Amino acid sequence: MSPAYFLRRLLAVALVLWIVTIAVFAITMVLPGNAAIMILGEYATPDQVAAMEIRLGLNRPAAIQYLEWLFNLLQGDFGMSLRLSLPVSDVVGSAFRNSALLAATALVAVTVVAVPVGMLTAVKRGTKADLGISLVAYVGTAMPEFVTATLLLVIFAAPGNPLLPAGGFIPPGESVAGFFNHVILPAGALGLILTAHIARQVRSEMSDVLASDYIRAARLKGLRERRVIWGHALPNSLAPAVAVISLDIGYLLGGIIVVEEIFAWPGLGRLLILALENRDLPVIQAITLLLAMVYALSNLLSDLVIAALDPRVRYE
Amino acid sequence: MNELVRHPTGLVGSVLLSLVAIAVILGPFLAPFDPQAFHPAVRLAGPSGTHWLGTDQFGRDILSRLLTGAGPTVLFGVGATALGVLAGSIIGVTAAVAGGWVDSVIMRTLDGLLAVPDLLFTLLIVTILGGGIGEAMLAVAVAFTPGMARIARSSVLSIRTREYVLAAIARDESRAYIIVQEVIPNAIGPIVVEATIRVSFAIMIGATLGFLGLGAQPPSTEWGLMVAEARQYMYRSPWVVAVPGLAIAVAALGFNLFGDALRDAFDPRRRR
């Protein structure tokens with residue numbers, strides 16, 4: 001791909017992230033609750049609150065506060081957690097790593113299952129296997145994560161003789177088996193809806209490809225069915241599959257909030273719910289920005305992969 | 001309409017939606033018991049002749065709670081989507097019609113907002129507004145607005161250069177006439193399709209907010225809240241969480257299937 005295309009996409013991502021910083025700052029400015037009261041406690045006198053506001057710089061115009069906050073962000077300084085009195089980067093750092101482990105496990109599992117299933121059902125279109133799988137996929141896209149998670153817990157983690165732990169986290173550095181044991185249920189709850197959605201989209205893309213003229217031409221040329229599918233249909237439906245997966249990452253990032261809460265997974269989602277309850281503004285800001293950044297960057301990455309896979313988009 | 005029910009997806013979707021509609025409209029009248037009445041003798045009882053879907057931790061009849069909960073659960077999704085579509089369409093049409101820097105500023109802002117996952121966006125807004133079913137509905141509507149605005153804009157842009165619009169311009173019709181009479185009726189198809197599918201997401205997000213305690217509040221029989229309240233008893237009596245959980249899936253599935261069938265009916269290329 002051309003360097004100009006890459007540069008333009010990179011600039012677009014930077015612009016999106018800058019707009020996100022404005023949105024996040026604006027949202028947290030109107031959140032109820034006052035940082036000075038958060039620090040001093042509920043029984044602070046108005047004088048103490050006013051003094052603390054001056055110390056924190058909360059009495060200055062919003063634009064100045066935004067610029068200072070943005071300047072600090074660019075230097076990697078997210079401020080101090082109001083609740084935990086620790087630097088936000090310390091609090092968010094390990095949670096980010098734990099969330100990334102969960103999200104990456106779910107995403108790999110989803111991709112490995114959904115893409116082949118979608119392609120298979122497209123090739124076997126109209127058979128009983130296709131109808132059965134499509135039905136399951138439809139039901140799967142209609143199950144919110146908290147329902148899937150609850151049902152998985154009932155089936156696999158009922159007390160007595162649980163097959164899998166009902167929650168918690170073991171770092172893979174400590175025990176790989178323990179990590180996988182704990183990640184299966186949350187990743188499953190997170191992945192079901194995405195697997196169903198991606199399989200359906202891949203099936204529909206692959207069906208369009210299979211109905212196209214060049215596939216008919218390949219068949220008329222007398223190519224074997226196997227070669228038509230692996231050599232012609234498959235490479236041409238990969239780019240749309242990547243596009244679907246990258247768009248679903250936004251959904252995945254929303255899903256971790258609920259799933260982490262249910263399975264007591266010490267990640268960004270759980271931290272966010274705690275921070276929202278406590279109005280811990282710097283933590284809320286950092287998490288929102290991080291999730292938006294991951295989403296924007298994953299979209300960028302997918303655009304680049306698609307450009308590499310499909311020569312037609314390179315010089316657009 | 002024939003086109004809609006000929007497909008299996010359209011048929012199943014229509015049937016599910018009819019069931020959901022009956023539950024929403026007639027649910028409170030069909031409920032065999034008072035959804036809030038305690039029956040301490042039959043706490044957490046399984047399905048039986050008297051209580052078809054069993055009872056919850058207070059001995060309340062689950063079928064009755066399900067039927068009265070259809071309204072708050074489903075109307076939440078419809079209301080939130082309708083508000084989001086309305087706001088999004090106004091913004092999207094404005095951007096498309098205005099063009100130039102107005103369009104650029106609106107679109108870049110929407111790009112930024114779209115980078116925040118829907119559920120996260122909704123949680124932030126609910127925290128600003130305070131929990132409750134009305135606040136949650138407004139929050140989902142706000143979170144849906146950027147996506148709907150983009151669809152409305154691209155829909156209008158693709159129509160603006162069609163022959164019938166050019167013909168209207170050539171006839172020297174007024175700007176308002178062209179927008180109201182030519183552009184909007186033709187742009188509405190994709191918007192309706194997207195809105196129908198989004199209702200299923202709105203129902204799911206609404207139930208999730210109820211589950212997290214940020215949406216419907218007790219003693220509402222909203223289905224997400226029903227799952228949340230019954231969770232501590234789920235290992236002993238799985239049906240108390242399974243029944244409302246599956247009901248959410250059925251309602252969401254109905255809108256999803258119906259939306260897909262609508263899209264196929266609007267788009268002749270996809271009729272197979």
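Rule-based calculations on the coordinates, nothing more; no lab input. Just so we're clear, the structure is a prediction, and the values are computed from it rather than from any experiment. No Cβ is skipped: glycine too gets one built from the backbone with ideal geometry, and neighbour counts run over all protein chains shown.
Numbers below:
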read-out	value
Candidates A:Leu164, A:Leu135, A:Leu238: whichever shows maximal mean-square fluctuation once chain A is modelled as a Gaussian network with Cα springs under 10 Å	A:Leu135
Residue range of chain A that is longest and free of chymotrypsin sites (Phe, Trp or Tyr not before Pro) which are both DSSP loop and sparsely packed (at most 15 other C-beta within 10 Å)	A:44-314
Per-residue Cβ neighbour rank within 10 angstrom, fewest leading, B:Ser18, A:Ser99	B:Ser18, A:Ser99
Tilt relative to chain A, helix A:46-56 - C-alpha long axis, 0 to 90 degrees, to 10	60 degrees
Spacing of the two label points (7 Å from each Cα toward its C-beta) at B:Val180 and A:Ile54, in nm	5.9 nm
Cα gyration tensor of the protein assembly as shown - equivalent ellipsoid semi-axes, whole Å, descending	37, 34, 27
At R0 = 45 Å, FRET efficiency that the Cβ-Cβ distance of A:Glu174 and B:Arg236 yields, to 0.05	0.85
On Cα atoms only, tilt of A:88-123 relative to the major axis of chain A in degrees	20 degrees
Label point distance in nm, A:Leu40-A:Ile22, each placed 7 Å from Cα along Cα→Cβ	3.4 nm
Cα centroid separation - the stretch B:17-60 against the stretch A:147-190, whole Å	32 Å
Shape of chain A, Cα gyration tensor, a/c cut at 1.5	oblate
FRET efficiency estimate (nearest 0.05) - Cβ-Cβ, A:Ile155 to B:Val42, R0 22 angstrom	0.30
Derived scalar couplings ³J(HN,Hα) [the stretch A:210-218; Karplus, 6.51 cos²θ - 1.76 cosθ + 1.60; whole Hz; x for Gly, Pro]	5, 8, 7, 5, 6, 6, 4, 4, 4
Most mobile listed residue (B:Ile62, B:Ile106, B:Ile248) in chain B, GNM with C-alpha springs under 10 Å	B:Ile106
Between helix A:62-74 and chain A: long-axis angle, C-alpha atoms, 0 to 90°, nearest 10	60 degrees
Mean Kyte hydropathy of 0.0 or more with a Cα span along the axis of at least 20 Å, helices from DSSP in chain B	B:8-30, B:62-98, B:100-114, B:133-160, B:184-212, B:239-266
Only Lys, Arg (+1) and Asp, Glu (-1) charged, at Cβ; the protein assembly as shown dipole about Cα centre in debye	1900 debye
GNM flexibility winner over chain A from A:Val305, A:Val115, A:Val183 (Cα, springs under 10 Å)	A:Val305
Expected 222 nm ellipticity per residue - DSSP helices of 4 or more, -39500 (n - 2.57), all of the protein assembly as shown, to 500	-25000 deg cm²/dmol
B:Asp103/B:Val250 FRET efficiency (R0 51 Å; Cβ-Cβ; nearest 0.05)	0.80
The stretch A:234-310 - Rg (one decimal) and Dmax (whole number), Cα, Å	15.6, 50
